[in-house]
Amino acid sequence: MLFDTHAHYDDERFDEDRDTLLASMPENNVGLILNPGCDVESSRKAVSYANKYPFVYAAVGIHPENIEDGWEADLETIRALAQNESKVRAIGEIGLDYYWEKDERARARQQVVFARQMELARALHLPVIVHDRDAHADSMEITRRYPDVIGVYHCYAGHVEMARELLKLGYYLSFTGVITFKNAKKAKEVIREVPIERLMIETDSPYMAPEPFRGRRNSSLYVHRMAETIAEIKGISAAEVERITTENGRQLFGISG
Ligand SMILES: [Zn+2]
């Protein structure tokens, strides 16, 4: 049974068939899904799917690209959701995105909002789901400031040394369909180095469909491709990758089997 640890079912590309698609997951061997939020609205939606489907869990948070004036009030709503909703199992996704944000002041604000959500995770004893795009040094600096918080770096794009430090800090690394692309040399090198006990798989649906579905709308139905690719890289069976990555996700997000 596979665990897609990162999928955005609130995206409008699922408006036509969200319910039939989600309902079909267990019969397609996708036994668990974690839907992170990116702002208040999508966090509320994530909670609503989690409350509707027993196999769906939620994370709530403000994504670096979704920070708006008034974010302090949004953060209070996020806190209330995380405290009151039993299927919220992480704060996320949070972090830094310097690929889309070039302005220094806006980047500084991303750092503040990231740190405040790390504090929230620490206070509520929840793990975090970190988005780090082209911001490795600053992401690591903030991550190090909270040694009692653990979590996952999702769609991991850093190098091997950074991966080693994250492992020491207790983090997991998760990988998307990017690893099925021919040019994914760096990610494959990291997967080779990192023990399977610290890896997770995700689709990041509806984005980044894996090969051979590249260009299509992504969904958790394709998460088996990440298990197969990791199996090839590590020279073990896909069934083994499936079993261990599901167990890793259960551990981190506190989902008993
Ligand atoms: Zn995401």
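The values are calculated or read from the model by the stated rules, or taken from the named source; none is laboratory data. Only a predicted model underlies this, so the values are computations on that prediction, with no experimental measurement involved. Here the Cβ is made from the backbone with ideal geometry for all residues, glycine too, and neighbour counts use every protein chain on show.
Points worth noting:
- Whichever residue in segment 22-40 is within 15 Å of the ligand (Cβ to nearest atom) and not hydrophobic (A, V, I, L, M, F, W, C) and, among such residues, is farthest from residue 128 (Cα to Cα): 39
- Any hit, segment 90-99, residues being away from the ligand (no atom under 16 Å from the Cβ), among the aliphatic types (A, V, I, L, M) and at pLDDT 95 or above: no
- Complete set of residues in segment 146-186 that are within 14 Å of the ligand (Cβ to nearest atom), touching an Asp or Glu at 6+ places or on another chain (Cβ under 9 Å), at pLDDT 95 or above and not β-branched (Val, Ile, Thr): 153, 154, 155, 156, 174, 175, 177
- Among the residues listed as 18, 44, 79, 13, the single one being basic (Lys, Arg), more than 16 Å from the ligand (Cβ to nearest atom), modelled with pLDDT of 95 or more and closer than 23 Å to residue 226 by Cα: 18
- Among the candidates 87, 102, the residue that is free of Cβ contacts under 8 Å to residues at least 24 places away in the same chain and of a type outside the set (A, V, I, L, M, F, W, C) is uniquely 102.
- Residues in segment 1-27 that are exposed (fewer than 15 other Cβ atoms within 10 Å of the Cβ) and either of a type in the set (Gly, Ala, Ser) or touching a Ser or Thr at 6+ places or on another chain (Cβ under 9 Å) (or both): 1, 23, 24.
- Only one of the numbered conditions (1) surrounded by 24 or more Cβ atoms within 10 Å (Cβ to Cβ); (2) more than 12 Å from the ligand (Cβ to nearest atom) is violated by residue 64, and that is (2).
- Some residue of segment 174-184 being surrounded by fewer than 22 Cβ atoms within 10 Å (Cβ to Cβ), within 27 Å of residue 205 (Cβ to Cβ) and among the aromatic types (Phe, Trp, Tyr): yes
- The set of residues in segment 1-25 being under 17 Å from residue 47 (Cβ atoms), assigned to a helix (DSSP H, G or I) and free of Cβ contacts under 8 Å to residues at least 40 places away in the same chain consists of 18, 19, 22.
- Residues of segment 197-242 satisfying the condition of being among the aromatic types (Phe, Trp, Tyr) and under 20 Å from residue 27 (Cβ atoms): 213, 222
- Among the residues of segment 29-47, just one is surrounded by fewer than 18 Cβ atoms within 10 Å (Cβ to Cβ) and either hydroxyl-bearing (Ser, Thr, Tyr) or part of a strand (DSSP E or B) (or both), namely 31.
- Residue match in segment 208-221 (condition: within 16 Å of the ligand (Cβ to nearest atom) and at pLDDT below 95): yes
- Test result for residue 50, more than 14 Å from the ligand (Cβ to nearest atom) and surrounded by fewer than 18 Cβ atoms within 10 Å (Cβ to Cβ): no
- The residue list 203, 143 contains one member that is farther than 21 Å from residue 114 by Cβ, of a type in the set (S, T, N, Q) and buried (at least 22 other Cβ atoms within 10 Å of the Cβ), which is 203.
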